[in-house]
Protein chains: 4
Amino acid sequence: MIVPPHPAAGGPAASATTSRVPIRVRFAETDLMAIVHHGSHLLYVEEARVEYLRRRGARYQDWIARDMHFPVVDQRVRYRAAARFADELVVLTWVGNVTRVSLRFDYQILRGEQVLAEAYTTLACVNGQHVPRPIERSVLDQVLSPETCP
Amino acid sequence: MIVPPHPAAGGPAASATTSRVPIRVRFAETDLMAIVHHGSHLLYVEEARVEYLRRRGARYQDWIARDMHFPVVDQRVRYRAAARFADELVVLTWVGNVTRVSLRFDYQILRGEQVLAEAYTTLACVNGQHVPRPIERSVLDQVLSPETCP
Amino acid sequence: MIVPPHPAAGGPAASATTSRVPIRVRFAETDLMAIVHHGSHLLYVEEARVEYLRRRGARYQDWIARDMHFPVVDQRVRYRAAARFADELVVLTWVGNVTRVSLRFDYQILRGEQVLAEAYTTLACVNGQHVPRPIERSVLDQVLSPETCP
Amino acid sequence: MIVPPHPAAGGPAASATTSRVPIRVRFAETDLMAIVHHGSHLLYVEEARVEYLRRRGARYQDWIARDMHFPVVDQRVRYRAAARFADELVVLTWVGNVTRVSLRFDYQILRGEQVLAEAYTTLACVNGQHVPRPIERSVLDQVLSPETCP
């Protein structure tokens, strides 16, 4: 086996709330192989994560004001098929794992029905001095709620 | 446990050949948290991988001419501490795993003695029709050899 | 005077056809000054140009198939005010200049009514050997036509 | 004439102090035309500008501490020939224009003797409230001095 299983390969749990975020591939995101550069996928899942939060009324800026910072401490992408210039992709996004001090967002990058890639990003919750701190209950509730904003 | 162990955490095997590639952080690679954006690390390890190969006389272009293409099929970065603008980093690079049809490059991104991140990228060997094909022995020998070019 | 006048400062000519392309600022596009990095504006106007063309049924891919390539030979951005994370921008896009062998796209990057930046990109028309060649009449007609695709 | 003259086309004045900054093209900086994407040139000249300053003992961070901020207010690149993956480029860098409240850095991006592109970036000097303020004499002297740091 070349590549170990990816946590997002099975898709979201039946109980998970999800968002589907459309992304159009930019010219600048391709490389000389005439496919989307593998680093661009991190831009897509970051945009999807921000939009996932926005649709639930959550904003990084507000969290920072409450001294909760969420740096990325781990991320992995498993690439299954190439994306190409001008493709209309959808990033299926959900929360795959929660601990007292971290959130793991899981993603499938889709073109139509095809899964082009699976990804996750794990965010730690830290205070302004980079010390781990518990995620407030209200934040967690918001993150795990269904979409409420258009 | 928030983050599973990363294959590169233990460093290179005693038998591994390694390269140390210096990288200077660019202004554009930072984000509004005033740290290096987590996507920039993929640029650093890609530059390190290309340089690792160059120091062994190997070039992607030559492989493509022999119908061996090496798309990235999997990558993971475990972030331990932030890199910052103008930091002088070193990417310690080695081959962490080899199969008949794939190579996994492992990396530690260092600032002085400190490990800022561990990373790997797995490259599959495919032909022009994206069908997996064995890596030629001469290519493997070159990839696993010590540095020969300045 | 610090900065010479920018061709797009006056906005589109009364006779020009225009497109308004929405762009949401990504986190990765910011820098440590907590504003959008000045290089990101090139991504925005490129996305806007592609979308301008798409809404007129034009695609780079089709042009290449007819041996018309359009490399960027000149670009300039005049920055008036900072864009910020999560801003919803609009890129007002039009063709500002046409010669026998080139097109200049002009842009204003807007946040609401405010002009954050003026930009242009000049594309030369060349064949596969990079020799300048006339833009076909049908291509020009398409580029200068009103929006037809949703 | 398709493209107006670029200020950096003539090269540095005889009296100008210059720096030559080497840059290796990264894989991720290419696009599907198999050339360096035109946006990547802004990364190169920014790296060159920072290195130009570093060789004169000047650092953005120190200027910020003295309430002098230098946002980019204008930039233009004139592209003459394509750069390609793994090219070893040199960015010839000098100060092309100075006013009481701004600096214009000029650049030629070279591959060997060939000029691939000419560029400039104009930086305004502002205080923390984004109000233009004079550049301190000591800063100007440093910026216009010859290289002193290795």
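Of note, A:ARG111 does not satisfy the criterion of being touching a His at 6+ places or on another chain (Cβ under 7 Å) and among the basic types (Lys, Arg).
If a residue must be of a type in the set (Asp, Glu) and either crowded, with 19+ Cβ neighbours inside 10 Å or under 14 Å from the mean Cα position of the chain (by Cα) (or both), how many such residues does segment D:107-135 contain?
Pass one, segment D:107-135, residues of a type in the set (Asp, Glu): D:113, D:118.
Add one more test, that the residue is either crowded, with 19+ Cβ neighbours inside 10 Å or under 14 Å from the mean Cα position of the chain (by Cα) (or both), and what stays is D:118.
Matching residues across segment D:107-135 total 1.
Among residues belonging to segment C:1-19 that are among the small types (Gly, Ala, Ser) and surrounded by fewer than 21 Cβ atoms within 10 Å (Cβ to Cβ), point out the one that is nearest to C:VAL90 (Cα to Cα). Outline the logic, then answer.
Looking only at segment C:1-19, we keep the residues that are among the small types (Gly, Ala, Ser), and these are C:8-11, C:13-16, C:19.
If we keep only those that are surrounded by fewer than 21 Cβ atoms within 10 Å (Cβ to Cβ) too, we end up with C:9-11, C:13-16, C:19.
Working: C:ALA9: 16, C:GLY10: 17, C:GLY11: 14, C:ALA13: 18, C:ALA14: 19, C:SER15: 21, C:ALA16: 18, C:SER19: 10 Å.
Once the filter is applied, the top-ranked residue is C:SER19.
In segment D:43-62, of all residues being in contact (Cβ under 8 Å) with a residue 60 or more places away in the chain and not in a helix (DSSP H, G or I), the one that is farthest from D:CYS125 (Cα to Cα) corresponds to D:ARG55.
Exactly one residue out of C:ASP62, C:ASP74 is among the acidic types (Asp, Glu), farther than 22 Å from C:ARG26 by Cβ and within 14 Å of chain D (Cβ to nearest Cβ): that is C:ASP74.
Across segment C:24-59, the number of residues qualifying as in contact with a helix residue (DSSP H, G or I) (Cβ under 6 Å, 6 or more places away or on another chain), among the hydrophobic types (A, V, I, L, M, F, W, C) and more than 22 Å from D:GLU29 (Cα to Cα) comes to 1. C:GLN75 meets the conditions (1) under 30 Å from B:PHE85 (Cα atoms); (2) modelled with pLDDT under 95 in every case but one. The failed one is (2).
Could you check segment A:81-96 and list, in sequence order, the residues that are at the interface with chain B (Cβ under 9 Å from one of its Cβ atoms) and either crowded, with 17+ Cβ neighbours inside 10 Å or assigned to a strand (DSSP E or B) (or both)?
Within segment A:81-96, the subset at the interface with chain B (Cβ under 9 Å from one of its Cβ atoms) is A:81-82.
The answer is A:ALA82, and nothing else.
Please work out if D:ALA83 is modelled with pLDDT of 95 or more and farther than 18 Å from D:ALA124 by Cα. Spelling it out, D:ALA83 is indeed modelled with pLDDT of 95 or more and farther than 18 Å from D:ALA124 by Cα.
Scanning segment C:127-142 for residues that are of a type in the set (Asp, Glu) and touching a residue at least 40 places away in the same chain (Cβ under 8 Å) turns up just one, C:GLU136.
Confirm whether C:SER40 is under 30 Å from A:VAL45 (Cβ atoms), away from chain D (no Cβ under 14 Å), touching a residue at least 12 places away in the same chain (Cβ under 8 Å) and polar (S, T, N, Q). Answer is no for this residue. Could you check segment D:63-80 and list, in sequence order, the residues that are touching a strand residue (DSSP E or B) at 6+ places or on another chain (Cβ under 7 Å), buried (at least 18 other Cβ atoms within 10 Å of the Cβ) and assigned to a loop (DSSP other than H, G, I, E, B)? D:PHE70, the sole residue that qualifies.
Condition first: modelled with pLDDT of 95 or more, within 21 Å of A:SER138 (Cβ to Cβ) and either aromatic (Phe, Trp, Tyr) or buried (at least 16 other Cβ atoms within 10 Å of the Cβ) (or both). Can you find one or more residues in segment A:20-39 that meet it? Looking for residues that are modelled with pLDDT of 95 or more, within 21 Å of A:SER138 (Cβ to Cβ) and either aromatic (Phe, Trp, Tyr) or buried (at least 16 other Cβ atoms within 10 Å of the Cβ) (or both), one finds none in segment A:20-39, hence no. Out of A:ARG104, A:ARG100, one residue alone is touching a residue at least 12 places away in the same chain (Cβ under 8 Å) and surrounded by fewer than 17 Cβ atoms within 10 Å (Cβ to Cβ). It is A:ARG100. For segment C:97-119, name all the residues that are more than 9 Å from every other protein chain (Cβ to nearest Cβ) and either of a type in the set (Lys, Arg) or part of a helix (DSSP H, G or I) (or both). Answer for segment C:97-119, where residues must be more than 9 Å from every other protein chain (Cβ to nearest Cβ) and either of a type in the set (Lys, Arg) or part of a helix (DSSP H, G or I) (or both): C:ARG100, C:ARG111.
In segment B:117-129, how many residues are over 19 Å from B:VAL95 (Cα atoms) and either at pLDDT 95 or above or polar (S, T, N, Q) (or both)?
Of the residues in segment B:117-129, the ones over 19 Å from B:VAL95 (Cα atoms) are B:127-129.
Filter once more, so that each one left must be either at pLDDT 95 or above or polar (S, T, N, Q) (or both): B:127, B:129.
Adding up the residues that qualify gives 2.
State whether the residues of segment B:53-72 include one that is polar (S, T, N, Q) and at pLDDT 95 or above. No: zero hits.
For the subset of segment D:14-37 comprising residues that are more than 14 Å from chain A (Cβ to nearest Cβ), touching a residue at least 24 places away in the same chain (Cβ under 8 Å) and among the hydrophobic types (A, V, I, L, M, F, W, C), which member is nearest to A:LEU42 (Cα to Cα)?
Per the stated criteria, the residue is D:ILE23.
Number of residues in segment A:1-19 that are assigned to a loop (DSSP other than H, G, I, E, B), more than 29 Å from B:PRO5 (Cβ to Cβ) and either among the hydroxyl-bearing types (Ser, Thr, Tyr) or modelled with pLDDT of 95 or more (or both): the value is 1.
The values are calculated or read from the model by the stated rules, or taken from the named source; none is laboratory data. Only a predicted model underlies this, so the values are computations on that prediction, with no experimental measurement involved. Glycine also receives a Cβ, built like all others from the backbone with ideal geometry; neighbour counts cover every protein chain displayed.
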